[in-house]
Amino acid sequence: MDNSPIHLLPQDTLHHIFSNLPVRQILICRSVCKLFNQMLTSPSFLYLLSLRPPLHLLALRPPHHHRHVSPHPFLHVFDPDSNQWFRFPLDFLPFRSPVPVASSLGLVYLWADSPDSNKSLVLCNPLTRKFRVLPPLGSAWSRHGTVLVGTAGRVLVLTELVALYFSGSGQWLKFSSNLPSKPRSPVLVFESVFALCDVGSPWRSQWKLFSCTVSELKKSQGWNRLEKHEWGDVFDILKRPRLIRGTGNRILMVGGLKSSFSLNASCSTILILRLDLDTLEWDEAGRMPSDMFSCFQESSKFKVFGGGDRVCFSGRRVGRLAIWDCSNEAGKGEWRWTDGVPGSGDGLCRGFVFEATLAALP
C-alpha cells in the first residue's frame, strides 16, 4: 500500500469519498490496511460522520465461564440488516476482562477491574475508541446487580434490596428498592423502571409486574404492582417470563407458553406479549413457529435479549440464534435463524441492543 496511488490523494478527498459509504462498510474498510484505519478513525473524519443515523446492532455479553483475562478483548455484534457479525476491538481500554452489559445512545457500559481490585463501570464508544470511568463499586454489584442506562448519562444498578443511582456527575447515590423478591429482567422506559417479581410460594412461582418512577425510587418509595382485572391469567400462561424494552412506550414479555396450568406443565411454543403502557392493554406480538421451537424443546434453558422490534433467543446446544424481527414496514413479525454465532453458539448467549454512532462521551 505504501506505493499505491491512493497516497497521492489529498486527505479531504479521501474523507469525502469514504463519508459516502454506509457505516457498516466504513467499519469493514478500517480492517483493510493501516492507512485506512488511521484515516477512518481520525477526529476530522469522525466529525463528518457525527450526524449520521445510528447503526442498529445486537451486541453479545460474554458467557460467565468465558470471563477470563484476554489479551485481545472484543465486543461481538450482529447486524440484522446485513445478516453479518462484526468485532469491535476493546484493546483501547486499560482494564482486565472488560464485560459489556448495557448500551444507550451509542455508548457501551462495561464492568472492569480497577487497579485496587474493585469493580468500576466504564462507558465507552467502540467506534471512537474513547472511554470514561465511573466511580468504583464493590464486586458484589457486578455479580448481583442489573445495569440500566438512560439518557443524559444516568445509570441505575438495581438489586432486590438496594438501587444505586448515578446522574452523570459526582458519586453514586444509594436507595432502598424494597422489592418483594429479586427483580427479573428489569427495564427502563423513559422515567420508569419495570420488573417482574415472584410473589408466589417456594413450591409454585407467581409472577407479577411492578413499576416505579426514578423519582420515586430516589425517595425510597414503594413500587406499584401493575394489574387489571381485564388481564386475567396473562402471567400464569407463561413459564419463566422475561421483560424486554419494546418500541416507544411499550414493553414485551417473553416466555414459554404453557400447555396447561399444572405445576410442571410443558411448553408448546415461545410467546411474545406486548403491553402498551398508555392504555395498559396486552396483545400478542409473536409466536415462535413449531419447527423452530422444536430446537429449544430439548434445551433445558433458553435466554432472551434484544429490544425495540427485534428479539433474540439462544439455547444450549442449539448452535445458532433465533430472531423475531418486526422492523418491516408492515409491522408483522418475522422469524429467522442466524448462524456464525461466536463460540459456535453451543452456550447461552446474552446481549443487548447497541445503536452504534459516533456519539461523544458525556
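Values quoted throughout were computed directly from the atomic coordinates according to the rules given, and no laboratory measurement underlies them. Computed from a prediction, not measured in an experiment: that's the story for all the values here. Note that each Cβ is placed from the backbone with ideal geometry, even for glycine, and that neighbours are counted across all protein chains shown.
Checking the cross-link filter: which lysines have an alpha carbon closer than 18 Å to that of K239, excluding same-chain neighbours under 8 positions apart?
Cross-link targets: K182, K208, K258, K301, K303.
Please list, in order along segment 304-312, the HN-Hα scalar couplings obtained from phi with the Karplus expression 6.51 cos²θ - 1.76 cosθ + 1.60 (θ = phi - 60°), rounded to whole Hz, x for Gly and Pro.
10, 8, x, x, x, 10, 9, 10, 10
State the Kirkwood hydrodynamic radius of segment 271-334 in Å, one decimal place, computed from all pairs of distinct Cα atoms.
12.9 Å
Which of the peptides 173-181, 318-326 is most tightly packed, and how do the rest follow, judged by the mean count of other Cβ atoms within 10 Å per residue?
Per-residue Cβ counts within 10 Å, averaged per peptide and sorted highest first, yield 318-326, 173-181.
Could you pull out every one of the aspartates and glutamates with an alpha carbon less than 20 Å from that of K228, ignoring same-chain neighbours closer than 8 positions?
The qualifying aspartates and glutamates are D198, D236, D276, D278, E281, D283, E284.
Could you state the principal axis extents of the C-alpha atoms in segment 1-52, from the largest down, to the nearest angstrom?
For segment 1-52, the Cα spread along each principal axis is 34, 20, 17 Å.
Run the reach check for K130 against lysines, Cα to Cα strictly under 24 Å, same-chain hits fewer than 8 apart removed. What comes back?
The qualifying lysines are K34, K119.
Over segment 266-310, what relative contact order in percent results from Cα pairs under 8 Å that are six or more residues apart?
Relative contact order for segment 266-310 comes out at 30 percent.
Tell me the label only: which of (1) 21.7, 74; (2) 22.4, 88; (3) 21.0, 78 is Rg and Dmax of the Cα atoms in Å as calculated from this structure?
(1)
Relative contact order of the chain: what whole-number percent is it, with Cα pairs under 8 angstrom and at least 6 residues apart?
On the way: 737 pairs, mean separation 50.9, N = 362.
Relative contact order comes out at 14 percent.
One quarter of the convex hull surface, Cα atoms only: what value does that give for segment 145-190 in nm²?
Projected area, direction-averaged: 3.2 nm².
If you average the sequence gap of Cα pairs under 8 Å that are 6 or more apart and divide by the length of segment 252-362, what percent do you get for the contact order?
Result for segment 252-362 is 17 percent.
Assuming 0.36 nm per residue, please report the length gained on full extension of the stretch E227 to W172 beyond their Cα-Cα distance.
16.6 nm
Just in segment 267-313: which GluC sites (Glu not before Pro) are loop by DSSP and have at most 10 other Cβ atoms within 10 Å?
On the way: sites: E281, E284, E298; in loops: E298.
Those that pass, being in a loop and sparsely packed, are E298.
Sort 267-273, 201-207 by the packing proxy (mean of other Cβ within 10 Å over each peptide's residues), most packed first.
267-273, 201-207
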